[in-house]
Amino acid sequence: MKGEKALWLPGTDHAGFETQVVFEKKLEKEGRSRFKMQREEFYKEIYEFVQGNKHITEEGLRRLGASCDWSRNIFTLDPRIIKIVYETFRQMHADGLIYRGDRIGNWCTKHQTALSDLETKYEEREDPLYYIKYGPIELATVRLETKFGDTAIAVNPKDKRYKKYLGKEIEIETLLGKTHINVIADEAVDMKFGTGAVKVTPAHDPVDFEIWQRHKDEIAGPKQVIDKYGRLNELTGPYAGMKVLEARKKIAEDMAARGLLDPKKTDHKYKHNVQLCYKCGNLIEPLVIPQWFVAMTKPLPDGRPSLRDMAVAAIEDGSVAYVPERFKKISLHWLNNIRDWSVSRQIWWGIPIPVKYCEECGETIVDIEDKIKVCPKCKSKNLVKDPDTFDTWFSSGQWPYATLQAWGKKDFDTYFPTQVMETAWDILFFWVARMIMFSHYRTGRQPFSTVFLHGLVRDKDRQKISKSKGNVIDPLGVIDLYGCDALRFALVFSTAAGNDIPLAEEKIRGMKHFGNKLWNIARFVISNVATLTPFPLPKGEGGQGPGEGQTAADHEILTKLNTLIKSVTDHLKNYRLHEAAQEIYQFTWHEFADVYLEASKKQLQDEKLSENTKKLLLHVLVNIIKLLHPFMPFITEEIWSKLHAQKLLDDDPLLMVSKWPI
């Protein structure tokens, strides 16, 4: 409407882990499991499932009035997108930013895949805190079951209680017999926790893994005693095969019987945060399983800074602005504390990692076109494909430039960088930060200039909407009942950027009443101005004072209209959508309908005032529906068409591309 090129490019994400979880629930209901299926069979079924449901999302967007260019609709599993994703992986691997490493990661024992830190949640729980004896040192721990993987005892270097043991090897008695263990000093140890001494289990605790990284010369490396199914393995003797919680209880009983644990000191109500899978809620098991990682803080070989630092610079210098601005600080805090990103997932739904391994010489081969059949190093034909897929955000993080490049150089040159990325605040790190990093890496530019963050829709009591709570509001059902415009206006009307949205049916119903009011206003105006020539401007427009045949009421409504136009335009420019909506509502209902329309009824009966009043009624209505069109596109477009049918307008037949009021 402002005469500028505008592209809203629609598309859908394959949502790897999320979609596979949903599909596996479907299989469970059918008495099936992916672990009893061939990978190709599973992929074919889930692909058909996705294609059969993808249209629901797209139809929902259409019904919501999203003015997308559907001719450019694209999917992250489109071969053109996969090609770009693979090229990014190849380039990152060549630049040394992609590596396969044995780092500790978050493992979901139910879904049998690694998860990023962002795909886990924390919950406060009460568990027993056990005090166990390691020779002359007593220490506290919740996770007794990991003791078989202990490689050291750590204390804070400032803790005088243990100074005489530092750097020494002490003898300890365990449930599997006597052994020796080193005592080391590390500042990560909290002197106020328990006794100030902690056991170090690098294979099963991220903090302990980092301690081992700092003390490799003093202690042994990770010793894994829990398998990927959450059961103790053969290194735990008689506890092998037990699940974690079962083993913990049994180990506590056996240690108490042997005098290795003081049951009187056990704190049975110790509160602490436990890490859970964000989908199934099962306990996360920290495990050292080989994964592909992206180095977040490593400088590029061409002299550019790290991925993290490029994103930080773009945010700090304002190349990427945040609405609301408070999310800028939140983003920078996260980026400054970022760890390397695990991008491999042990799932079948998604983009396969394009790597092969030579079984003869161990060479790792990046093969993005799947054409390499012989090892380039030893010439062996014994090549095995990597079984993992990419984390879905590895492809989605490349969305802005990948989608435009997929449609050709002209689209990319015209629309990149894009202007506005609108999304929910809860995927600020999952998606937004990674898009900034990838874009600077692949294109040297920011992907967008503004990040507009909306809140999450909640119920009227501000509770999270979920099926289990029975408070779900089906948007398509609401549209059937109250119309799309009422839903759109209700969502925007009372919600500032970044704030969660309390949505009640009463609010949507209220906006339907507003739509009805607008419709009745339009009927009144059209019925009274039918004899006018197309779209004339009234005398005295712009608040210049009453002209010939113009009353004080005319002047006042024109002045307020012009103020409204400037204010709404400024609000939209600065993403204050709710303020724009509220001002249009106030003017339309209370200034125009309640006041001026009532005054106009008398003026229309006055021969000297009638003509100018008609012109002014039409002028105000036209500007109201233009200002309202971004919020309530359907009813405003319908009113516009009726004005055209009455030959009252010489503007474009479509309100959507008519000129914005100035």
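Miscellaneous remarks
- For Met437, the criteria (1) surrounded by fewer than 16 Cβ atoms within 10 Å (Cβ to Cβ); (2) more than 30 Å from Asn516 (Cβ to Cβ); (3) touching a residue at least 24 places away in the same chain (Cβ under 8 Å) hold in every case but one, which is (1).
Let's see how each residue does on (1) more than 30 Å from Ala313 (Cα to Cα); (2) hydroxyl-bearing (Ser, Thr, Tyr):
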{"position": "Ser331", "(1), (2)": "no, yes"}
{"position": "Trp334", "(1), (2)": "no, no"}
{"position": "Ile338", "(1), (2)": "no, no"}
{"position": "Ile347", "(1), (2)": "yes, no"}
{"position": "Gly350", "(1), (2)": "yes, no"}
{"position": "Lys356", "(1), (2)": "yes, no"}
{"position": "Glu359", "(1), (2)": "yes, no"}
{"position": "Ile365", "(1), (2)": "yes, no"}
{"position": "Ile368", "(1), (2)": "yes, no"}
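- Elements of the type strands (runs of 3 or more DSSP E) sitting completely within the range 126-195 and holding at least 1 residues that are surrounded by fewer than 18 Cβ atoms within 10 Å (Cβ to Cβ) and touching a strand residue (DSSP E or B) at 6+ places or on another chain (Cβ under 8 Å): these cover 137-141, 169-174, 177-185.
- Residues considered: Leu503, Leu518, Leu532. Of these, the only one that is crowded, with 16+ Cβ neighbours inside 10 Å, within 30 Å of Ser600 (Cα to Cα) and either at pLDDT below 90 or charged (D, E, K, R) (or both) is Leu532.
- Test for Gly60: is it within 30 Å of Val492 (Cα to Cα) and either assigned by TED's automatic domain parsing to the domain that holds Gly196 or out of contact with any strand residue (DSSP E or B) (no Cβ under 6 Å at 6 or more places or on another chain) (or both): yes
Residue by residue, here is whether (1) of a type in the set (Ser, Thr, Tyr); (2) assigned to a loop (DSSP other than H, G, I, E, B); (3) surrounded by fewer than 17 Cβ atoms within 10 Å (Cβ to Cβ); (4) at pLDDT 95 or above holds:
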{"site": "Ala256", "(1), (2), (3), (4)": "no, no, yes, yes"}
{"site": "Pro263", "(1), (2), (3), (4)": "no, yes, yes, no"}
{"site": "Gly281", "(1), (2), (3), (4)": "no, yes, yes, no"}
{"site": "Pro301", "(1), (2), (3), (4)": "no, yes, yes, yes"}
{"site": "Asp309", "(1), (2), (3), (4)": "no, no, no, yes"}
{"site": "Ala314", "(1), (2), (3), (4)": "no, no, no, yes"}
{"site": "Arg339", "(1), (2), (3), (4)": "no, yes, yes, no"}
{"site": "Trp349", "(1), (2), (3), (4)": "no, yes, no, yes"}
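- The condition of being buried (at least 18 other Cβ atoms within 10 Å of the Cβ), within 41 Å of the chain's Cα centre (by Cα) and either within 19 Å of Met511 (Cβ to Cβ) or not basic (Lys, Arg) (or both) does not hold for Met656.
- Ile473 falls short of the stated requirement of being farther than 23 Å from Asp13 by Cα, free of Cβ contacts under 8 Å to residues at least 40 places away in the same chain and surrounded by 22 or more Cβ atoms within 10 Å (Cβ to Cβ).
- Out of Ala496, Ala486, Ala490, Ala530, one residue alone is within 20 Å of Lys460 (Cβ to Cβ) and assigned to a loop (DSSP other than H, G, I, E, B). It is Ala496.
- Output for the range 219-240, where each listed residue is of a type in the set (Val, Ile, Thr) and out of contact with any Gly (no Cβ under 6 Å at 6 or more places or on another chain): Ile219, Ile226, Thr236
- Every condition in (1) aliphatic (A, V, I, L, M); (2) in contact with a Gly (Cβ under 7 Å, 6 or more places away or on another chain); (3) without any contact (Cβ under 8 Å) to a residue 12 or more places away in the chain holds for Val374 except the one numbered (2).
- Figure legend. Inter-residue proximity from the range 579-607: first residues under 21 Å from Phe493 (Cβ atoms) and touching a residue at least 40 places away in the same chain (Cβ under 8 Å), second residues assigned to a helix (DSSP H, G or I) and basic (Lys, Arg), beta-carbon distance below 7 Å, spacing 6+ or different chains. Indicated pairs: Trp589/Lys517; Ala593/Lys517.
- When the range 386-419 is filtered for residues that are surrounded by 14 or more Cβ atoms within 10 Å (Cβ to Cβ) and either of a type in the set (A, V, I, L, M) or over 30 Å from Trp70 (Cα atoms) (or both), the ones remaining, listed by number, are Asp386, Asp388, Ala402, Leu404, Ala406.
- Wholly enclosed helices (runs of 4 or more DSSP H) of the range 560-662 bearing at least 3 residues basic (Lys, Arg): 607-628
- Top-ranked residue of the range 366-376 - restricted to ones that are over 32 Å from the mean Cα position of the chain (by Cα) and under 16 Å from His93 (Cβ atoms), ranked as surrounded by the most Cβ atoms within 10 Å (Cβ to Cβ): Ile372
- Unique match (being closer than 28 Å to Phe293 by Cβ, modelled with pLDDT under 95, among the acidic types (Asp, Glu) and under 38 Å from the mean Cα position of the chain (by Cα)) among Asp186, Asp117: Asp117
The values are calculated or read from the model by the stated rules, or taken from the named source; none is laboratory data. Since this is a predicted model, take the numbers as computed values, not measurements. Please note: Cβ atoms are built from the backbone with ideal geometry, for glycine as well, and neighbour counts cover all protein chains shown.
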